[in-house]
Amino acid sequence: MPRLLILGRQGSGKGTQCVRLSEHYGVPHISTGDILREAVSAGTDFGLKAAKIMEAGDLVPDDVMLGIIRDRLAEPDARAGFLLDGFPRTSAQADGLAELLGSLGRALDLAVNIDVDTEVVVERMLARGRADDTEEAIRQRLNLYEEQTAPLLERYRDEGILVTVDGVGTEEEVFARLLATVDAHT
């Protein structure tokens, strides 16, 4: 079973495709947003720390995120494989993830970049009609992605595990491309 990291701009379809990939490969879809909400609800040590930070309007620091990821990867369903969605977002988080996986005797099989042009994702996100999806807010989030997360593409390319999949097309077309790419590289 694969251990995958899914990368891509907001609005690239990562969440939708991760659900499908998770079902297909029988591995958990580990979304950091979902993990944070679950950890807060469960009242775990990390969840309590995260709740205080989020209530103050701050970003959850790397050590707290790594602790939450460590706890999640230690669960039985994630031992054989997983899909990481939304983590890591920065080089420091990628360093922490590599160290964490190394301590667990595991490594990523593949980092999959779902590539969708910026203007296409802006259109997609505006079409969702969410209150927080103003064009200005979307462009700010995309700028943060370019500054903080896009550099990870080069890192994983240098490690020899990055593959890029065209994220434009129907949900089924993109899913078929993802399956073909993952199957060819794992």
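The table that follows gives values for the structure above.
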{"read-out": "Stretch gain in nm, segment ASP45-ALA184, where the contour uses 0.36 nm per residue and the Cα spacing is subtracted", "value": "46.1 nm"}
{"read-out": "P(r) histogram, all alpha-carbon pairs of the stretch 3-181 included - 5 Å bins from 0, percent", "value": "1, 8, 16, 20, 21, 18, 11, 4, 0"}
{"read-out": "Fraction of beta bridges assigned by DSSP in the stretch 3-181 that are antiparallel (%, nearest 5)", "value": "0"}
{"read-out": "Least to most buried among SER31, SER91 (fewest other Cβ within 10 Å first)", "value": "SER91, SER31"}
{"read-out": "Dipole magnitude (debye, nearest 20) for the chain, charges at Cβ of Lys, Arg, Asp, Glu", "value": "360"}
{"read-out": "Prolate/oblate/rounded label for the stretch 89-186 (Cα gyration tensor, a/c 1.5)", "value": "oblate"}
{"read-out": "The stretch 6-24 and the stretch 65-90: distance between their alpha carbon centers, rounded to Å", "value": "15"}
{"read-out": "Overall form of the stretch 51-144 per C-alpha gyration tensor (a/c, 1.5; a/b vs b/c)", "value": "prolate"}
{"read-out": "Highest-first arrangement of 100-107, 6-13, 83-90, where packing means the average Cβ count within 10 Å", "value": "6-13, 83-90, 100-107"}
{"read-out": "Residue among GLY167, GLY81, GLY47 with the largest mean-square fluctuation in a Gaussian network model of the chain, springs linking Cα atoms under 10 Å", "value": "GLY47"}
{"read-out": "Packing-based exposure ordering (other Cβ within 10 Å, fewest first) of HIS185, HIS29", "value": "HIS185, HIS29"}
{"read-out": "The stretch 32-183 - percent relative contact order, Cα under 8 Å, separation 6 or more", "value": "21"}
{"read-out": "Residue exposure sequence - MET125, MET1 - by fewest surrounding Cβ within 10 Å", "value": "MET1, MET125"}
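Rule-based calculations on the coordinates, nothing more; no lab input. Computed from a predicted structure; not experimentally measured. A quick note on method: Cβ atoms are made from the backbone with ideal geometry, for glycine too, and the neighbour counts reach across all protein chains shown.
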